[in-house]
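Written out below as structure tokens is the structure these notes cover.
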Amino acid sequence: MTQTEFISPWAEKLDDPLAHDVATVLQRMGGSAHQDMVVNCVAALKRQRGESVTQDLRHRIIEVFERYREFFFRPFGEGSLRWALKAELA
């Protein structure tokens with residue numbers, strides 16, 4: 001199985017590269033993680049690819065979580081900082 005096949009549940013629907021990275025990180029972490037951990041891991045992915053990591057990355061990731069609610073949710077409720085992939089994508 002290739003990586004493209006592995007992430008296909010969201011690859012075709014998420015045309016935003018940052019949203020794709022967020023989904024990949026959550027999937028690799030078992031489907032859910034604390035928001036800070038997601039930010040740190042996405043930053044690490046970007047650095048590994050030689051991309052710059054800007055100071056607004058945290059803000060942009062939070063925007064991704066909110067914009068793509070059909071993919072991401074807060075399993076412990078709206079006050080929580082833990083995010084998860086919807087079950088059909090995890």
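The values are calculated or read from the model by the stated rules, or taken from the named source; none is laboratory data. As the structure is a computational prediction, the values presented were derived from the model and not from experiment. Cβ placement follows ideal geometry from the backbone for every residue including glycine, while neighbour counts extend to all protein chains displayed. Just the protein is used for accessible areas: all its heavy atoms, side chains included, with ligands, DNA and RNA removed. Shrake-Rupley method; radii C 1.70, N 1.55, O 1.52, S 1.80 Å.
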In whole percent, what relative contact order does the chain give with Cα contacts below 8 Å and a gap of six or more residues?
32 percent
HN-Hα couplings for region 52-62 via Karplus (6.51, -1.76, 1.60; θ = phi - 60°), in whole Hz with x for Gly/Pro, come out as 7, 10, 8, 5, 8, 4, 4, 4, 5, 5, 4
Quick one: ranking Ser32, Ser52 by accessible area, 1.4 Å probe, largest first, what do you get?
Ser52, Ser32
Explain nothing, just compute: Karplus ³J(HN,Hα) = 6.51 cos²θ - 1.76 cosθ + 1.60, θ = phi - 60°, for every residue of region 72-82 in order, whole Hz, x for Gly and Pro.
10, 8, 9, x, 9, x, 5, x, 7, 9, 8
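Where nothing but the Cβ of Lys and Arg (+1) and of Asp and Glu (-1) is charged, how large is the charge dipole of region 17-85 around its Cα centre, in debye to the nearest 20?
Details: 10 positive and 8 negative charges, 35 e Å.
About 160 debye.
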Would you work out what percent of the accessible area of the chain, with all protein chains in place, is carbon or sulfur (probe 1.4 Å)?
52 percent
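In square nanometres, what is one fourth of the surface area of the convex hull spanned by the alpha carbons of the chain? Could you put the intermediate results ahead of the total?
Working: hull surface 23.1 nm².
Convex hull of Cα atoms, orientation-averaged projection: 5.8 nm².
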